[in-house]
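The values are calculated or read from the model by the stated rules, or taken from the named source; none is laboratory data. Bear in mind the structure is a predicted one, so any value in this text is a computation, not a measurement. Cβ placement follows ideal geometry from the backbone for every residue including glycine, while neighbour counts extend to all protein chains displayed.
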Amino acid sequence: EAVEIVAVLGEAQTEGAMPGTAFAPHLARHGVTVSVDTLPLVDSVAATLRAGAVRFGAELIVMGAYRHSRVREFFFGGVTRSLLKSSPAPLFLSH
């Protein structure tokens, strides 16, 4: 029914070409209502995505999934792992 394509921007990043925006015209040609948005980083990327999904009323979160080294994930965590532990909507992940 509707798709929101989002990117989370940190303090050092500026708005520009956003990954995923190439999908918007394709979805729109098939009758899907598409919006493209940037979300400012609040606490963590995972927390920002959770809040955005709740705000949008998402019924499904589609995202890429990949893994960092074990040491990096131990200290910094990971978006994929965090959303797998707690997500406001079902996840569809692609690696």
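Tabulated values for the structure
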{"quantity": "Of all residues making up segment 1-26, the number that are assigned to a helix (DSSP H, G or I) and either closer than 18 Å to residue 52 by Cβ or at pLDDT below 75 (or both)", "calculated": "2"}
{"quantity": "Matching residues in segment 25-59 - criterion: being surrounded by 11 or more Cβ atoms within 10 Å (Cβ to Cβ), of a type outside the set (Val, Ile, Thr) and over 14 Å from the mean Cα position of the chain (by Cα)", "calculated": "27, 28"}
{"quantity": "Breaking point among (1) in contact with a Ser or Thr (Cβ under 7 Å, 6 or more places away or on another chain); (2) assigned to a helix (DSSP H, G or I); (3) modelled with pLDDT under 85, for residue 46", "calculated": "(3)"}
